[in-house]
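To start, the structure under review is shown below, and the notes come after it.
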Amino acid sequence: MKTKIFKRITAAMLAAVMTVTSVSASAESVNKEEKYTIEEYIMEVTPVYLASRNFDASSTYYASNIFEVDNSDPPRYYSFIFQDNDISGKLEINFVDGNYYSVFDTDIQSEIKEMYVKNEEIAFVVNNNNTFVVSETSAVAIDSIEKADFVGNASLQTPITKTTPIEYNLIVNASANARSASLGSKTLSNFSFVPNQDTGSGYVLCWAACVAMTVNYLLGYTPSSSNFIYADDVSKAVGTTTGTNSAVKNAYTKYGYTANNTNGPSNPNTVFQKLSSGKPVHINVQDSDQGLTHALEIYSIYIYTDKTVYTFYDPSILNGTPQSVIASGNPTQTSSSFLYVHTYSGVSYSMEWITTFFIA
């Protein structure tokens, strides 16, 4: 992995007591000056994620116990978020180069909810190139593009349990801080997801899916529209499955738009301004060590005084569940701390923001 020093996310922390499954009592510090446990990290970022997704602060939320994924490199953990007695979200947390990075989403399979209702012991296991949640009666892959079967045995650990309440005032304050920050927040409404597609040589049309999402939104197309654009439509329009910068810009031109690209992460204020003008932001991310370049489509931003929350569609999350990540830094800085650490087919990738496509 490339070694980078990222700023620690700073916010009010709770003194939380949580049940940790296969996790040591304290973790390496996020900055080198103080200890920062995974429990503290979860309790710090969860209210921010909930506020950025407009969760109802009057409801009661809880974090669950923490599960470490067996055989995962880098170390990876999951914690569920409850609304009252229902699982409503999950945090995937990766420990990379001495820092915690998380992805929040609301995709909770029915099998996992059933495991909780039945109070079954579970384990998170990397098996047959996928990450599975395994219980006494079933197993479900949480990061597979296609249906996957669990083969073998798992050492079950503990049932999913609610532990620490997420305090009402933290969610309210997170939302208020975003509104009072330099530029606040913007979410494009009625924004339609377009999935990656298998060309026969793999799922390589993430770039085309992002072009399609942008163009569909700008033209007002919805999935019920007869002229709704899909990834393979874009690929065919430009005659390639390879998403080079020139191919992406050419694709936008084919649909009547001009896209300008810049290298590196974009300033949060610039992203905010583009979203506020009704234009989604198409970005490329890359894990250079793993040899993977990927495209994401940002449609929501929450700017705080010391962090920014980006919510986007990942075309390879085929069910269209939005993903959210937190990048540290004030609104006048570039989001150099943006790191999308995620797992595809059992392999974890640490993807840095390398290119931005803005519609003129």
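The values are calculated or read from the model by the stated rules, or taken from the named source; none is laboratory data. Not measured: the values here are computed from a predicted model. Neighbour counts run over all protein chains shown; Cβ positions are idealised from the backbone, glycine included.
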Exercise for review: Mind telling me which of the residues V271, V281, V248, V285 ends up being within 23 Å of V96 (Cβ to Cβ), in the same structural domain as I354 (by TED's automatic domain parsing) and modelled with pLDDT of 90 or more?
Suggested key: V285
Practice item. Could you list all residues from segment 134-190 that are of a type in the set (V, I, T) and at pLDDT below 90? Key: I142, I145, V151
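Would you check if F338 is under 30 Å from G256 (Cα atoms) and surrounded by 18 or more Cβ atoms within 10 Å (Cβ to Cβ)?
Spelling it out, it is not the case that F338 is under 30 Å from G256 (Cα atoms) and surrounded by 18 or more Cβ atoms within 10 Å (Cβ to Cβ).
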Practice item. State all residues of segment 311-360 that are part of a strand (DSSP E or B), touching an Asp or Glu at 6+ places or on another chain (Cβ under 9 Å) and over 21 Å from V69 (Cα atoms); if no residue qualifies, say none. Key: F312, Y313, S328, E352
Review point. Pairs under 6 Å by beta carbon, first residue closer than 18 Å to R179 by Cα in segment 260-279, partner surrounded by 14 or more Cβ atoms within 10 Å (Cβ to Cβ) and aromatic (F, W, Y), six or more apart or different chains?
Key: K274/F358
Review point. Scanning segment 259-293 for residues that are touching a Lys or Arg at 6+ places or on another chain (Cβ under 7 Å) and part of a helix (DSSP H, G or I), which turns out surrounded by the fewest Cβ atoms within 10 Å (Cβ to Cβ)?
Key: S276
Review point. Given the conditions (1) under 25 Å from T321 (Cβ atoms); (2) surrounded by fewer than 16 Cβ atoms within 10 Å (Cβ to Cβ); (3) within 22 Å of the chain's Cα centre (by Cα), which single one is not true for V211?
Key: (2)
Exercise for review: Could you please let me know if L170 is in a loop (DSSP other than H, G, I, E, B), out of contact with any Asp or Glu (no Cβ under 7 Å at 6 or more places or on another chain), surrounded by 15 or more Cβ atoms within 10 Å (Cβ to Cβ) and touching a residue at least 24 places away in the same chain (Cβ under 8 Å)?
Suggested key: no
Point to revise | Breaking point among (1) in contact with a helix residue (DSSP H, G or I) (Cβ under 8 Å, 6 or more places away or on another chain); (2) charged (D, E, K, R); (3) under 16 Å from S345 (Cβ atoms), for D86 | key: (3)
Review point. How many residues does segment 343-358 contain that are at pLDDT below 80 and within 18 Å of W207 (Cβ to Cβ)?
Key: 1
Check your understanding: Tell me, which residue of segment 240-251 that is in a helix (DSSP H, G or I) and out of contact with any helix residue (DSSP H, G or I) (no Cβ under 6 Å at 6 or more places or on another chain) is surrounded by the most Cβ atoms within 10 Å (Cβ to Cβ)?
Key -> K249
Practice item. Return yes when I108 is of a type in the set (V, I, T), free of Cβ contacts under 8 Å to residues at least 40 places away in the same chain and in contact with a Lys or Arg (Cβ under 7 Å, 6 or more places away or on another chain) and no when it is not. Key: yes
Point to revise | Selection count where residues are within 23 Å of N319 (Cα to Cα) and of a type outside the set (S, T, Y), scope segment 83-138 | key: 30
